[in-house]
Amino acid sequence: MSDAVIKPPQGTPGAPLVTRQRTLAADVWRQFRQHRGGVLGAVVFLSIVLLVIFGPYIHGIDPQALNVRDKNQGISLTHPMGTDNLGRDMFAQVLAGGRTSLSVGITAMLLSLLVGTTIGVVAGYFRRADGLLMRLTDLFLALPLLPLLLVIIMLFRDTLRAAFGPETGIFLLIVFVIGITSWMQTARIVRGAVLSVKEQEFVVAAKSIGTRERRIVTRHILPNVLSPIMVSATLGIATAIITESALSFLGLGFPSDYPTWGRLLYDGVNFMAINPSRVIWPGLAISLTVLSINYIGDGLRDALDPRIRGR
Amino acid sequence: MAVDLATRPGASSPETHPLVRVEDLLLHFPVYKGILRRQVGAVRAVDGLTFDIRRGETLGLVGESGCGKSTTGRTLLRLYRASGGRILFEGQDIAELEGERLRRMRPRMQMIFQDPQASLNPRMTVGAIIAEPLIEHGVHKAEARRAKVRELLDAVGLNPDYVNRYPHEFSGGQRQRIGIARALALDPDFIVCDEPIAALDVSIQAQVVNLLKDLQKKLGLTYLFISHDLSMVKHIADRVAVMYLGKIVELADVRTLFSAPKHPYTKALLSAVPVPDPTVEASRRRISCSRATYPIPPIRLPAASSAPAARRRSTDVFRKSRSGGRSIPAATWPAIACKEGGL
Ligand SMILES: Nc1ncnc2c1ncn2[C@@H]1O[C@H](COP(=O)(O)OP(=O)(O)O)[C@@H](O)[C@H]1O
Ligand SMILES: [Mg+2]
């Protein structure tokens, strides 16, 4: 094979020799569209988000409106998901719960990702910081989380409520609490990835060019550890939604008249025998969301890797 | 355009100063053990090297895998911090430079890596890879950068239209050309070629070596050419240094070295090179090193007693091979090394 012949890019046979500037976003988008699971995930997730945002305007029943005469009803046109033991409309509650659960999940995931990635990259790249940061990570992993959460919430709930109002206050508190107790896995995974990437020759090459450390991290290390970060992110949303549910269950999450998916699920558990739809709907909402996000993560990870991109 | 600078000062004129001078260079990798990670010893990867590289020449550095060739190259470029000794680049000691002053030296000396796949960031386009040194060293105008990148691609024999491709879309030889283009981007004087062809198909090796030779002629480059392939070194080098366990055992003009090797290790290396002539090849004698008595991992524990032990072990490195090679006591090595290494 002659060395001077350049093979055409895979997947686009006979493509003209382009000099058009390739942008990362366009490349990633083009490849993402090829990933069936990713596209399906994106469609489902977007539908859930849109439904949760605009649903309440179409399905105008107040989620808190009591109607004891219509309690524990099955599926009907007025109540597409039935009603609970106090006659509240389940569909309205699931929509309202979705708003809270999704915003908590996404915000907490972003926070935990930010903390985890920063700590992981710093620990992996700068040997001097490694020992200290990893002991810190171990410490957080070893902490009994639930008691810790309890204490934090007990200590700060009232202060935050007073400062931001009951809803925003508890939202911030929960996001913060979930964020700072779930970054450890991300940090470990990212550190491991950084350790292996930084030994690669292209990093040595960057050093020999005189690339500044900061830019070695942002241009060479970070893009090459995106896959584990993406995976952490998708798992992170799922864990955050589930942790929030657990907190709500313990009465430490949002106030009881403030539905979230987790809260609905746990409230429904006692009535599972009489009215199984009370756990099915919120459970389905959580599963669908988590699953679709996982597929999006999968597609993104592949789309972000130029070596796979050609396929 | 800088790539076709006709001649550089010193490229053609006879030079009295060497471009690079290495004095008693040491590089020890610490070895840690136990949960407390205490340092229990050191790998003496580079163990007292002294040599010059003249402006415009190619110094070959040969030796078997693991003898410290790459480490030497990387230490010269200050990718590692020398444990001792001096590295004089145009008379200036760069062994102790730090921070911004070191960064400003970097453009003068570049490296071409062994594995062209591993040395290119898979997430960057070829254009971005070659432009990186330009960005880092102050070519801020995007237009100027783009033009320079195209010139560089052209200079290494690649189609300039491929700036937007990713490294995995190229063959091994083409990737190595990309690596060469990146090394040339800052108009260096000195390039360490760390086994630049070892990972390539045999059919492509010659092309890359010839490209390196052409570029050297055109740009007045100085090379440290690291290789374990003696026939390639014979082809490209002006002088050759033979390295063994972190030390240079023989350094001589390429012709002298190949026709009249002095050191037993050099002879052993040369005896391993196949000869493209069936009759000669059939009668060729191999001097071999017996694995069992191989002198060591180059780890020396700090305990004083281990040093003589290591020396004792190394005295019978060369056993008589079955084909009848002579046995030469290794104890005489340092003497030869001194004579040849002194230059
Ligand atoms: N980063 C490192 N840490 C510890 N030991 C190393 C490191 N790099 C190389 N070595 C050791 O130093 C010696 C020389 O390695 P190297 O310079 O890569 O050899 P060569 O390039 O001649 O094959 C080897 O014994 C190797 O194991
Ligand atoms: Mg090597």
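Things worth noting here:
- Among the conditions (1) among the hydrophobic types (A, V, I, L, M, F, W, C); (2) outside any helix (DSSP H, G or I); (3) surrounded by fewer than 18 Cβ atoms within 10 Å (Cβ to Cβ), the only one that A:Leu141 does not satisfy is (2).
- Check on B:Ala131, within 18 Å of A:His220 (Cβ to Cβ), surrounded by 19 or more Cβ atoms within 10 Å (Cβ to Cβ) and not acidic (Asp, Glu): yes
Per-residue answers, yes or no, for (1) over 22 Å from A:Lys198 (Cβ atoms); (2) not charged (D, E, K, R):
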| position | (1), (2) |
| --- | --- |
| B:Ala128 | no, yes |
| B:Pro133 | no, yes |
| B:Val139 | yes, yes |
| B:Arg146 | yes, no |
| B:Glu151 | yes, no |
| B:Leu158 | yes, yes |
| B:Ser171 | yes, yes |
| B:Gln174 | yes, yes |
| B:Ala181 | yes, yes |
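- Condition met for B:Leu102 (within 16 Å of ligand 1 (Cβ to nearest atom), surrounded by fewer than 18 Cβ atoms within 10 Å (Cβ to Cβ) and either free of Cβ contacts under 8 Å to residues at least 60 places away in the same chain or closer than 23 Å to B:Gly179 by Cβ (or both)): no
- The residues listed here are B:Ala237, B:Ala206, B:Ala260; of these, the one that is surrounded by fewer than 21 Cβ atoms within 10 Å (Cβ to Cβ) and closer than 20 Å to B:Phe51 by Cβ is B:Ala260.
For (1) closer than 14 Å to B:Ile129 by Cα; (2) within 11 Å of another protein chain (Cβ to nearest Cβ); (3) free of Cβ contacts under 8 Å to residues at least 60 places away in the same chain, each residue gets a yes or a no:
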{"residue": "A:Val190", "(1), (2), (3)": "no, no, no"}
{"residue": "A:Ala193", "(1), (2), (3)": "no, no, no"}
{"residue": "A:Gln200", "(1), (2), (3)": "no, yes, yes"}
{"residue": "A:Val204", "(1), (2), (3)": "yes, yes, yes"}
{"residue": "A:Lys207", "(1), (2), (3)": "yes, yes, yes"}
{"residue": "A:Gly210", "(1), (2), (3)": "yes, yes, yes"}
{"residue": "A:Arg214", "(1), (2), (3)": "no, no, yes"}
{"residue": "A:Pro228", "(1), (2), (3)": "no, no, yes"}
{"residue": "A:Ala233", "(1), (2), (3)": "no, no, no"}
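- Against the test of being in contact with a helix residue (DSSP H, G or I) (Cβ under 6 Å, 6 or more places away or on another chain) and within 16 Å of ligand 1 (Cβ to nearest atom), the options B:Ala155, B:Ala118 yield a single qualifying residue, B:Ala118.
- Cβ pairs under 8 Å, 6+ apart, first in segment B:235-249 and within 14 Å of chain A (Cβ to nearest Cβ) and closer than 14 Å to B:Asp47 by Cα, second away from ligand 2 (no atom under 14 Å from the Cβ) and of a type in the set (Ser, Thr, Tyr): none
- Scan segment B:25-80 for residues that are crowded, with 23+ Cβ neighbours inside 10 Å, away from chain A (no Cβ under 14 Å) and within 13 Å of ligand 2 (Cβ to nearest atom) and the total you get is 9.
- With respect to the conditions (1) modelled with pLDDT under 90; (2) within 11 Å of chain A (Cβ to nearest Cβ), B:His228 lacks only one, and its number is (2).
- Among the residues of segment B:122-168, those that are part of a loop (DSSP other than H, G, I, E, B), of a type outside the set (Gly, Ala, Ser), more than 9 Å from every other protein chain (Cβ to nearest Cβ) and free of Cβ contacts under 8 Å to residues at least 40 places away in the same chain comprise B:Val139, B:His140, B:Lys141.
- For segment B:108-121, the tally of residues that are more than 7 Å from chain A (Cβ to nearest Cβ) and open to solvent by 20 Å² or more (accessible area, probe 1.4 Å) stands at 3.
- Some residue of segment B:170-189 being within 14 Å of chain A (Cβ to nearest Cβ), over 15 Å from the mean Cα position of the chain (by Cα) and closer than 20 Å to B:Val273 by Cβ: no
The values are calculated or read from the model by the stated rules, or taken from the named source; none is laboratory data. Please read these numbers as outputs of a predicted model, since none were measured by experiment. Ideal geometry is used to build each Cβ from the backbone, glycine not excepted, and the neighbour counts take in all protein chains shown. Surface areas here come from the heavy atoms of the whole protein model, side chains and all, with no ligands, DNA or RNA. Shrake-Rupley method; radii C 1.70, N 1.55, O 1.52, S 1.80 Å.
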